[in-house]
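Below: the structure, in structure tokens.
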Amino acid sequence: MKPFGQDFGFARALGLLMVERGDGRCTMAIEIDRERHFSPQGAAHGGVAYSLADTAMGGALTSLLSDEQWCATLEIKFNYHVRVGEGLLTCEAAVVHQGKRIANIDARLFQDDRLVASANGHFAIFAAPSA
């Protein structure tokens, strides 16, 4: 697993780690820490899991795009199944369908080999802005 570099400060600030990426798939992880990621209710804040899934989904899609293409989240349907506690949270994302302008991507999040959340989203595909 590798942390993100300076070019992706948000992922680095949360502590997201890239596990594997390629061929329309992306696996990412985060070590959930009580001090850093918990809500006042004693579980990981839902935004942490959502951010992990959103980033992994984008990673899955960008593994299929050319250098001249970018993507952005249009919408994500996110389902929380059980509480996320301390420990490693892993997300596996895969492109379901890629059209010319929109892609559909699935994600599954696991903690201790237990499905804790799932997501499905649509991402826009567009030309990268010129430098």
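The numbers here are math on the coordinates, done by the rules we state, and not lab data. Being a predicted model, the structure only gives us computed values, none of them experimental. A quick note on method: Cβ atoms are made from the backbone with ideal geometry, for glycine too, and the neighbour counts reach across all protein chains shown.
Diffusion of region 15-84 by Stokes-Einstein, at 37 °C in a medium of 0.692 mPa s and with Rh set to the Kirkwood radius over alpha-carbon pairs, works out to 245 µm²/s. Charge dipole (Cα centre; +1 on Lys/Arg Cβ, -1 on Asp/Glu Cβ; no other charges) of region 2-127 amounts to roughly 220 debye. With contributions of -39500 (n - 2.57) from each DSSP H run of at least four residues, the per-residue ellipticity at 222 nm computed over the chain stands at -6000 deg cm²/dmol. Put simply, the amide H of residue 45, placed in the peptide plane, has neighbours under 5 Å in 38, 39, leaving out anything fewer than 5 places away on its chain.
Between 41, 111, 69, the Gaussian network model of the chain with springs among Cα atoms under 10 angstrom shows the greatest mean-square fluctuation at 41. Stretching the chain fully between residue 7 and residue 112 yields a gain of 34.8 nm (0.36 nm per residue, less the alpha carbon separation). Across region 2-127, the relative contact order, built from alpha-carbon pairs under 8 Å that are at least six residues apart, equals 25 percent. Annotation: amide H of residue 116 within the under-5 Å range of 109, 110, 111, sequence separation 5 or more or interchain, hydrogens built in the peptide plane.
Were the residues from residue 127 through residue 64 laid out at 0.36 nm apart, the gain over their Cα-Cα distance would be 21.3 nm. Over region 20-131, the hull volume per residue, using the convex hull of the C-alpha atoms, is 111 Å³.
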